[in-house]
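Here is the structure we will look at.
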Amino acid sequence: MNCKERTAEIVEYARRRAEPDMELRAHLATCSGCGERWEAERQLTSRFRIMRIRAEARRAPEARRESLMRDFAHRHRRAPMPAWVWALSAAAALLFAALLGHAARNRLHERAVPAIRTHGAGAQQTIFYEASTDASALSGDDDFIALPYAPPLAAGELIRVVHADLDRDVLASMGIDVDPSWESELPAEVVVGEDGLPRALRIADNTQF
Amino acid sequence: MPRSDEELYRLMRKGDQDAFAELYERREPALYRYALHTSGSSIVAEEVAHEVFVQLMGAGARFDERRGSLESYLYGVARNLIRVVRRQGPVEEAIDRAVEHDILGDLISNETMAALHRALREMPDRYRDVVILCDLEERSYEDVARIIGHPIGTVRSRLHRARALLSAKLKWLNAPAEVLSR
């Protein structure tokens, strides 16, 4: 082992403040360069030790720590607020959406003719009338056919005349006899009560009957 | 089993003040000493150790566990802060104040310690860091390798080189320092 290789050994022994082994001791006794290095390393270790002892007791004042802890508490006291704001905003948005949905559903309900729509007919136009009597009064001169089994209209009840294309099944469900071979839809006007149920209808084109 | 730095960090990010306090107690003293040895100023050391934790709790903390340990990150922040302070000009207060409280003052002169501090401060960062961590903080080569992000062999060779540089600089002090080795 040459002097360069011994250096690492010298440093480590000095750092550990250990006595060199016999082989290294023998080398240090004969090599002045390594001997000097050994002394220098030992002295450096001693000085570092003093520095370490001095510094060990030193640290930032307690006031620094307290200031940091206060700062931390302050930051995180404010932190939950946005979460609350978010939660409240989300709740408000949900409530708003629910109200909006409810209003939209009511509006659709008002516009739709449930009995007809349920059966797949397309309503095209709605005209409102005030009924003076029941739906049978519409039949006769106006070519309206009173639908069998329909509940009577109350006096003064608001009725609507809905223009719709009705297929065979819808007409059959209203109790109207239809030619079984008829496949296409038929334009018709349906009298609908306030409860949305059809009371009478008038076929625009009656060649299918 | 003590919680890891990273675990404490995660808890403190969620607002756990006890975790933050534990992290502070665990890491602040060494960071303070690191800044003290590096800057030579207790004022700078106080400021740097404080600022490291201010940054850690701040929204801008960029610590990423995948990139290394929290300890390594904290030393990195401290190192950068000291560089900033250094660019602003020399701070000469420190060591003198430290010497006032020298419990081994009978054995070594203030001049000797001041010279050692000065020599340490004047070293390149890569050498000074390993001296502080290995010899002043007595951390293992493995720990230091993890903190500075270099292989153990690099840490060892840098330390040996740094000690040789310091010995050469302090050669003129050898005679009075012999008192210590008795």
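Figures for the structure shown
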read-out: Tally, over segment B:82-95, of residues that are within 14 Å of chain A (Cβ to nearest Cβ) and either surrounded by fewer than 16 Cβ atoms within 10 Å (Cβ to Cβ) or modelled with pLDDT of 95 or more (or both); value: 1
read-out: Number of positions in segment B:107-136 that are within 19 Å of B:Asn80 (Cβ to Cβ) and assigned to a loop (DSSP other than H, G, I, E, B); value: 2
read-out: Positions within segment A:153-188 being part of a strand (DSSP E or B) and among the small types (Gly, Ala, Ser), in sequence order; value: A:Ala164, A:Ala188
read-out: Segments classed as helices (runs of 4 or more DSSP H), wholly inside segment A:1-57, with at least 3 members that are touching a helix residue (DSSP H, G or I) at 6+ places or on another chain (Cβ under 8 Å) and at the interface with chain B (Cβ under 8 Å from one of its Cβ atoms); value: A:3-16, A:32-56
read-out: Segment B:1-27, residues that are under 13 Å from B:Phe53 (Cβ atoms), of a type in the set (Asp, Glu) and away from chain A (no Cβ under 12 Å); value: B:Asp5
read-out: Any helices (runs of 4 or more DSSP H) falling wholly within segment B:1-85 and containing at least 1 residues that are of a type in the set (Val, Ile, Thr) and over 12 Å from the mean Cα position of the chain (by Cα); value: B:42-57
read-out: Selection within segment A:58-81 - assigned to a helix (DSSP H, G or I) and at pLDDT below 85; value: A:His76, A:Arg77, A:Arg78, A:Pro80, A:Met81
read-out: Inter-residue pairs, beta-carbon under 6 Å, first under 11 Å from A:Ile145 (Cα atoms) and in segment A:177-205, second of a type in the set (D, E, K, R) and part of a loop (DSSP other than H, G, I, E, B), 6+ apart; value: A:Arg202/A:Asp143
read-out: Candidates A:Ala63, A:Ala8 - the one that is surrounded by 11 or more Cβ atoms within 10 Å (Cβ to Cβ) and closer than 25 Å to B:Glu137 by Cβ; value: A:Ala8
read-out: Residue in segment A:119-142 that is within 13 Å of A:Leu201 (Cβ to Cβ) and at pLDDT 75 or above present; value: no
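The values are calculated or read from the model by the stated rules, or taken from the named source; none is laboratory data. The model shown is predicted, which means the values in this text are computed figures rather than measured ones. Ideal geometry is used to build each Cβ from the backbone, glycine not excepted, and the neighbour counts take in all protein chains shown.
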